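The values are calculated or read from the model by the stated rules, or taken from the named source; none is laboratory data. Computed from a prediction, not measured in an experiment: that's the story for all the values here. Every residue, glycine among them, receives a Cβ derived from its backbone with ideal geometry; neighbour counts consider all protein chains shown.
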Amino acid sequence: MNLKNVIFENKSGVAYITINRPGAANTMDYTTAQELMQVALACDENPSVRAAVLTGAGSVFSAGGDLKSFAAQGAALPTHLKEVTTYLHAAISRLVRMRAPLIASVNGVAAGAGMALMMAADLAVAGESARFVMAYTRVGLTPDGSSTYFLPRLVGLRRALELSLTNRLLNAQEALQWGIINRIVPDAALADETEKLARELAAGPTLAFGATKELLHRSWTESLETQMELEARSIAAISRTDDTNEGIAAFIAKRPGIFSAR
């Protein structure tokens with residue numbers, strides 16, 4: 001891939017996705033959204049990817065939409081926003097639905113679409129100086145990037161409304177308490193701690209991870225009985241894999257499992 005605003009690397013089963021516009025606070029413009037979709041497809045289609053990390057270059061995760069590029073559109077802004085969100089939303093859909101777990105490694109500010117991307121990840125690790133803000137209504141826009149889907153599920157409707165209408169800025173400790181992130185680490189240790197977690201996940205049962213993600217996401221819209229039937233079918237299907245055989249054998253032998261994603 002010939003990428004301009006996103007760095008994409010696949011190292012020994014871990015895909016690293018870095019939004020690379022540090023001079024523009026890693027904001028989302030048309031090109032960045034399009035490239036995020038390309039790398040999301042690459043992750044989803046490559047069976048060697050068994051975990052993924054999403055972060056921002058420099059000292060900011062992502063400050064959201066590129067308002068300067070939006071302002072330059074003039075009367076064409078509505079069409080432009082539909083184009084940008086088409087690519088951004090396709091990227092998020094693929095990242096959420098892929099088998100490999102996605103970790104957001106949050107350095108600095110995650111605002112607007114940056115906060116949306118972070119919330120869409122399966123896990124989020126933040127540096128102690130990280131800050132989180134919805135930011136959309138501050139400039140007269142409404143949320144995008146799946147944030148109205150994930151935010152109320154993470155924090156509840158009342159808090160989601162507060163964050164969306166008042167644009168309250170959360171520090172890392174508050175974000176942890178509200179359930180927006182999973183853990184806080186010292187800023188200097190963020191990359192190493194994220195790497196450690198990614199390697200741990202990449203060595204795990206990727207097929208079971210993917211099936212578990214699918215079950216949890218479907219649980220929001222299914223009845224109890226339907227969800228239990230999906231669980232029964234999923235656990236039966238996954239039991240046919242080499243990973244299940246290895247996992248059970250390793251447990252009985254009291255040794256670590258060696259999973260192959262087969």
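Among the residues of region 220-262, write down those that are farther than 30 Å from Leu151 by Cβ and of a type in the set (Phe, Trp, Tyr). Step through it out loud before you land on a result.
From region 220-262, those farther than 30 Å from Leu151 by Cβ are 232-233, 235-262; that's our starting set.
Once the filter is applied, which keeps residues that are farther than 30 Å from Leu151 by Cβ and of a type in the set (Phe, Trp, Tyr), region 220-262 yields Phe251, Phe259.
Take Ser59 and decide whether it is among the small types (Gly, Ala, Ser) and part of a strand (DSSP E or B). So Ser59 does not fit the description; no. Out of all the residues in region 205-216, is one or more more than 22 Å from Ala121 (Cβ to Cβ), touching a Leu at 6+ places or on another chain (Cβ under 9 Å) and without any contact (Cβ under 8 Å) to a residue 60 or more places away in the chain? No.
Return yes or no: is Ser164 among the polar types (S, T, N, Q), at pLDDT 95 or above, over 19 Å from Arg94 (Cα atoms) and part of a helix (DSSP H, G or I)? I'd like the intermediate steps shown before the answer.
Values: among the polar types (S, T, N, Q): yes; at pLDDT 95 or above: yes; over 19 Å from Arg94 (Cα atoms): yes; part of a helix (DSSP H, G or I): yes.
Yes, satisfied.
From the list Ser234, Ser219, Ser260, exactly one residue is within 25 Å of Ala116 (Cβ to Cβ) and not assigned by TED's automatic domain parsing to the domain that holds Val133. Which is it?
Values: Ser234 fails: within 25 Å of Ala116 (Cβ to Cβ); Ser260 fails: within 25 Å of Ala116 (Cβ to Cβ).
Matching residue, one of Ser234, Ser219, Ser260: Ser219.
Residues in region 114-135 that are surrounded by fewer than 23 Cβ atoms within 10 Å (Cβ to Cβ) and in a loop (DSSP other than H, G, I, E, B) were compared, and the one that is nearest to the chain's Cα centre (by Cα) is Asp122. Being closer than 15 Å to Ala33 by Cβ, within 11 Å of the chain's Cα centre (by Cα) and crowded, with 23+ Cβ neighbours inside 10 Å: is that true of Leu88 here? When the stated conditions are applied, Leu88 does not pass them. Of all the listed residues (Ala135, Ala130, Ala175, Ala188), the sole one being touching a residue at least 12 places away in the same chain (Cβ under 8 Å) and within 20 Å of Tyr16 (Cα to Cα) is Ala130.
Checking the condition out of contact with any Gly (no Cβ under 7 Å at 6 or more places or on another chain), in contact (Cβ under 8 Å) with a residue 24 or more places away in the chain, in a helix (DSSP H, G or I) and among the basic types (Lys, Arg), which residue from Arg153, Arg159 passes? Sole residue among the options that is out of contact with any Gly (no Cβ under 7 Å at 6 or more places or on another chain), in contact (Cβ under 8 Å) with a residue 24 or more places away in the chain, in a helix (DSSP H, G or I) and among the basic types (Lys, Arg): Arg153.
Yes/no matrix, rows are residues, columns are (1) touching a helix residue (DSSP H, G or I) at 6+ places or on another chain (Cβ under 8 Å); (2) among the acidic types (Asp, Glu); (3) not in a helix (DSSP H, G or I):
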{"residue": "Gln34", "(1), (2), (3)": "yes, no, no"}
{"residue": "Val39", "(1), (2), (3)": "yes, no, no"}
{"residue": "Val49", "(1), (2), (3)": "yes, no, yes"}
{"residue": "Thr55", "(1), (2), (3)": "yes, no, yes"}
{"residue": "Ala75", "(1), (2), (3)": "no, no, no"}
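Scanning region 77-107 for residues that are in contact with a helix residue (DSSP H, G or I) (Cβ under 9 Å, 6 or more places away or on another chain), farther than 21 Å from Tyr149 by Cβ and free of Cβ contacts under 8 Å to residues at least 60 places away in the same chain yields Leu77, His80.
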